[in-house]
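The values are calculated or read from the model by the stated rules, or taken from the named source; none is laboratory data. Quick caveat, the model's predicted, so the values are computed rather than measured. FYI the Cβ positions are ideal-geometry reconstructions off the backbone, even for glycines, and counts take in every protein chain you see. Quick note on the areas: whole protein, heavy atoms, side chains included, nothing else; ligands and nucleic acids left out. Shrake-Rupley method; radii C 1.70, N 1.55, O 1.52, S 1.80 Å.
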Amino acid sequence: MAVENKIGTYNFVAEPFHVDFTEKLTMSVLGNHLLNCAGFHAAERGFGIATLNESRYTWVLSRLAVEMDDMPRAYSKFSIHTWVEKVYRLFTDRNYEITDEEGNPIGYARSVWAMISMDTRKPADLLALHGGGITNYVCDKDCPIEKAGRVKVAQQEPVARYQTKYSDIDINGHVNSIKYIEHILDLFTLDMFREKRVHRFEVAYVAESYYGDTLSFYLEQAGENEFDIEVKKNESEVVVRSKVIFN
């Protein structure tokens, strides 16, 4: 199969309600677009959520790392290209390239996905999906950023707490993965975003949280512009680990 048939390309406009006060696209909106593109790409090739749901399976995001040299400005056009890098029995690696209106790369992303049973919430065998047909779309296109690393936070006192609400809950009945991005970036002051921008954002999803759970956010500074964050639900179980690097 030709490489171009393995890569999905999707075009967007940075709508004014998708940008922040700097007139640049927010990381949470970009993250939402990345997840949507994964869904489009998978559906067009026969392994989308709607098809999986018929057999009581669904996709869940395990890890995401986004690295941007620039963000689309309000009203500007941009494109997201996505492809499957590797398929393992329980996980698949999916990569992205973000380009501006002229086709120049402005950022990349790496993600790890699992297919789980909607009944047991346990991972399913990807290589058994359509007789392993997903492997036909593996593509060796370059993605020149590092995979998400390991984050460990020793801080014992949370810097913020938040009780999850209606707007946090997604189609699967748990807190939307993108909502964690919003809540994590809300830990930083407006002055931080005036002076710097998010260059790299990593997030690892460890467990699910639900409506009414109290999320506690633990933050440590790992470098001059680097911060590690751990999110626990109800003061006990870790649900998310994240790293934010500004420049």
First obtain the Kirkwood hydrodynamic radius of the stretch 100-160 from its Cα pairs, then insert it into the Stokes-Einstein equation at 4 °C and 1.567 mPa s, and state the resulting D in µm² per second as a whole number. 79
Order these peptides, 216-227, 117-128, 171-182, by their mean beta-carbon neighbour count within 10 angstrom, highest first. 171-182, 216-227, 117-128
For the stretch 81-134, dividing by residue count, accessible area per residue (probe 1.4 Å) in Å² works out to 43
Got a sec to turn the phi values of the stretch 98-106 into Karplus ³J(HN,Hα) couplings, 6.51 cos²θ - 1.76 cosθ + 1.60 with θ = phi - 60°, whole Hz, x for Gly and Pro? 10, 10, 7, 4, 8, x, 7, x, 10
Using amide H atoms built 1.01 Å from N in the peptide plane, name the residues 5+ places from residue 124, or on other chains, whose amide H lies under 5 Å from its own. 115, 116, 117
If you split all Cα-Cα distances of the stretch 168-214 into 5 Å bins from zero, what percentages do you get per bin, shortest first? 5, 16, 26, 22, 12, 12, 7, 1
Per the 1.4 Å probe, what fraction of the accessible area of the chain, in percent, lies on carbon and sulfur atoms? 49
Taking every alpha carbon pair in the stretch 154-247, what does the distance histogram look like in 5 angstrom bins from 0, in percent? 3, 13, 26, 25, 17, 11, 5, 0
Sticking with the crude label model, points 7 Å out along Cα→Cβ, report the distance from residue 162 to residue 75 in nm, one decimal please. 3.1
For residue 85, enumerate residues with amide H under 5 Å from its amide H, sequence gap 5+ or separate chain, H modeled in the peptide plane. 93, 94, 95, 139
What do you get for Rg/Rh over the chain if you use C-alpha atoms and the Kirkwood form of Rh? 0.95
At 0.36 nm per residue, minus the direct Cα-Cα distance, what do residue 154 and residue 208 gain on full extension? Give it in nm, one decimal, please. 17.3 nm
